[in-house]
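Okay, structure first, notes after.
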Amino acid sequence: MKNAMAELVSTKEAPILSIIVDLGIVKRDNEAKLKHLMGEATKLIPSDVSVSDRDVLLKRLELIFSGLESETHNASVAIFIAKDFAKVVPLNYRASERIVLGDIAASEVAYSAASCPRFHILVSGGNHVRLFEAAADQIVEIKENEQLTHVGHLLKSHDHSNQGDEHKIHAAVAELCKGLNWPIVLIGTTHFGDTSALSEYVMASIEGNYEHASTAEVLKVAKEQVEKYKAEKASKEVAELEKLGHEKRLGSGLDEITQLIKAGRVEKLYLEESEALAMQEGKENQMTVNDQLIALTFQFNGEVVFLPANSLAKYEGMAAALRY
């Protein structure tokens with residue numbers, strides 16, 4: 001997810017259509033929604049596109065929608081499609097549905113890659129491992145997963161005096177984490193052993209035995225850690241902004257930041273969450289100013305960082321950390 005935008009802007013051919021669709025768990029509703037979006041997307045294909053290229057685009061879109069119909073969802077996805085390119089990016093929150101012609105709907109994907117309102121919880125009590133997927137006050141326990149069963153088997157037979165088994169456990173947990181779309185909260189770290197090697201995937205670790213905890217108890221404990229993680233991360237970023245300001249390595253204001261990005265000087269673009277996801281009324285199918293700014297930042301190998309509302313008030317709602 002972190003490299004989703006970078007992958008998109010580095011393609012030789014810019015996507016012709018960008019589609020954000022919010023999918024529920026009822027298959028019939030999804031089928032109707034995707035059928036409608038198919039019709040709307042078809043209308044947006046430019047008239048100067050050749051018949052053969054048009055057919056290829058529509059076929060790609062049909063295949064993507066067919067795959068989405070057959071899966072169970074409870075979140076949004078971003079679809080980017082061109083004649084020689086197609087990508088589906090799962091979003092970690094519910095996004096506003098839209099179809100954008102000629103460029104990428106950057107805000108949703110960048111926000112999803114940088115934030116964690118949706119996350120996973122991995123719970124170990126020694127005898128087995130439980131995996132949960134959570135978002136806000138919703139949580140679902142994933143009970144059938146071959147990788148998860150494998151990790152549970154290793155933990156059950158684990159002897160802490162045997163370094164070989166411990167290494168296998170870490171490798172199995174790491175492999176599981178790599179296959180998940182969102183950050184992880186580890187609960188019951190005593191049974192996982194040293195988790196420092198998993199820092200790339202894990203945003204919080206909690207000791208204690210929650211093997212038989214209810215789903216609600218697991219969510220409560222994990223949410224507290226997630227909020228703490230987000231607050232600490234935002235605090236560090238704001239402190240870094242102040243430091244950059246004193247070093248004269250900070251840009252602010254839309255016009256100035258745009259020029260700095262095009263000059264290749266922007267290392268990080270800072271935006272407030274509320275502003276990043278705001279769309280003008282009646283313009284759902286158009287690129288927002290922030291969409292364009294985010295896409296431009298990734299095009300010039302920059303990073304996008306989202307901060308809480310009002311944290312960038314003194315910088316006119318956005319700031320840019322300069323490379324030099």
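FYI, it's all coordinate maths here, none of it is from the lab. This structure is a prediction, so every number in the text was calculated from the model and none was measured. Here Cβ is always computed from backbone atoms with ideal geometry, including for glycine, and neighbour counts include all displayed protein chains.
Details
- Estimated translational diffusion coefficient (Stokes-Einstein, Kirkwood radius over Cα pairs, 10 °C, 1.306 mPa s) of region 4-114: 112 µm² per second.
- For region 175-324, diffusion coefficient by Stokes-Einstein and Kirkwood Rh (Cα), 4 °C, 1.567 mPa s, µm²/s: 73 µm²/s
- Most to least packed among 179-190, 239-250 [average Cβ atoms within 10 Å]: 179-190, 239-250
- The gain in end-to-end length when the Glu31 to Val49 segment is fully stretched comes to 3.8 nm, 0.36 nm per residue minus the alpha carbon separation.
- Surface/4 of the Cα convex hull for region 85-140, nm²: 5.8 nm²
- In region 248-322, the ratio of gyration radius to Kirkwood radius, Rg to Rh, stands at 0.96 when only Cα atoms are counted.
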